[in-house]
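Shown next, in structure tokens, is the structure this report addresses.
The values are calculated or read from the model by the stated rules, or taken from the named source; none is laboratory data. Not measured: the values here are computed from a predicted model. Positions of Cβ are backbone-derived with ideal geometry, glycine not excepted, and every protein chain shown enters the neighbour counts. In case anyone asks, the SASA skips ligands and DNA or RNA and just uses the protein heavy atoms, side chains included. Shrake-Rupley method; radii C 1.70, N 1.55, O 1.52, S 1.80 Å.
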Amino acid sequence: MTEDDARSSAPSRRTIRSFVIRGGRATAAQQRALDDLWPRYGVEFNGQPLDLDQLFGRRAPRMLEIGFGAGEALLAFAEKHPELDCIGVEVHKPGVGHLLLGAYTAGLQNLRVICHDAVEVLQQQLPPGSLQLIHIFFPDPWHKKRHHKRRLIQPEFVELLAQSLAVGGTLRLATDWEHYAMHMREVIDASPSFANEAPDTGFVARNEERPVTRFERRGHRLGHGVWDLSYRRIAATPSA
Ligand SMILES: C[S@@+](CC[C@H](N)C(=O)[O-])C[C@H]1O[C@@H](n2cnc3c(N)ncnc32)[C@H](O)[C@@H]1O
């Protein structure tokens, strides 16, 4: 294989990352969970499309949470919806350890975890149209203007979300940073693959199923508001 062949067959490169790997070690309990429970719930990133029926041992509607942090929302959702298969993607290992502990304690059968960049997971591991629901709650807002390009919600990423969601599926987001809320609305409203479920105001009422996480509590303490968005995946119509 020539160098050019190798380059053209390589998965598309990603230069901007939406995260920095935070410091902070896993607690002893989280590390034990990472060691002992990863084989049960963890899915290695290998750049190959997953066989989700095989992974879960059944065929069921599937949801994905991107950047689940410590996993409070994902655990609550998976527990409340045993009829759905749930996949969490997060790069922060202590958070993954925390989720694994919670999944084990709750005896969850319908949860799997990938510890990797969600962009590459969407590009390479999740088959097109394989999801019914995607949650992205409180993604890093990257407050400074020069860092806005690091925000997860960008047109290219929204198209990756559209590719993984089945037509009729739902994308739910929340943020406590007003500028990011307006940015999310502008970017996703512009996608021909999504219809805003609150076309007039742009924002929906708080999703009752979403527990208040540590990040949201911190936002409340700082006096921030919270903006919830919900979109239906529609069949994109070719532009005129
Ligand atoms: C501000 S925290 C919010 C955590 C959680 N959703 C909550 O509401 O508490 C954002 C999380 O997204 C994760 N994250 C950011 N970019 C990511 C990416 N590209 N792939 C996976 N996780 C990512 C970060 O590690 C961080 O834990």
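A compact table of results
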read-out	value
Matching entry among L160, L133, L99, L111 (being touching a Cys at 6+ places or on another chain (Cβ under 7 Å) and closer than 19 Å to V43 by Cβ)	L111
Among (1) over 19 Å from G67 (Cα atoms); (2) basic (K, R); (3) without any contact (Cβ under 8 Å) to a residue 60 or more places away in the chain, the one test that R232 misses	(3)
For V212: the one exception among (1) open to solvent by 40 Å² or more (accessible area, probe 1.4 Å); (2) assigned to a strand (DSSP E or B)	(2)
Pairs, first more than 25 Å from H98 (Cβ to Cβ) in the range 42-63, second surrounded by fewer than 18 Cβ atoms within 10 Å (Cβ to Cβ) and modelled with pLDDT under 95, C-beta under 7 Å, six or more apart	G47/P11
Qualifying residues in the range 191-226 (those that are among the hydroxyl-bearing types (S, T, Y) and at pLDDT 90 or above) - the one farthest from the ligand (Cβ to nearest atom)	T201
Selected residue [in a helix (DSSP H, G or I), surrounded by 15 or more Cβ atoms within 10 Å (Cβ to Cβ) and within 15 Å of the ligand (Cβ to nearest atom)] from L171, L229, L161	L161
Filtered residue count, the range 67-84, keeping only those that are crowded, with 23+ Cβ neighbours inside 10 Å, hydrophobic (A, V, I, L, M, F, W, C) and not in a helix (DSSP H, G or I)	1
Residue satisfying all of: in the range 178-209; touching a Gly at 6+ places or on another chain (Cβ under 8 Å) and open to solvent by 30 Å² or more (accessible area, probe 1.4 Å); nearest to E72 (Cα to Cα) among these	E178
Residue count for the range 96-118, restricted to those that are of a type outside the set (A, V, I, L, M) and either buried (at least 19 other Cβ atoms within 10 Å of the Cβ) or under 20 Å from I21 (Cβ atoms) (or both)	8
Test: residue in the range 123-136 that is farther than 24 Å from R218 by Cβ, open to solvent by 40 Å² or more (accessible area, probe 1.4 Å) and within 12 Å of the ligand (Cβ to nearest atom)	yes
Residues of the range 1-60 classified as basic (K, R), modelled with pLDDT under 95, over 25 Å from F138 (Cα atoms) and not in a helix (DSSP H, G or I), total	1
Residues located in the range 117-152, provided they are outside any helix (DSSP H, G or I) and within 11 Å of the chain's Cα centre (by Cα)	D117, L133, I134, H135, I136, F137, F138, P139, L152
Selected residue (criterion: nearest to A33 (Cα to Cα)) from residues of the range 46-71 that are within 16 Å of the ligand (Cβ to nearest atom) and of a type outside the set (A, V, I, L, M)	G71
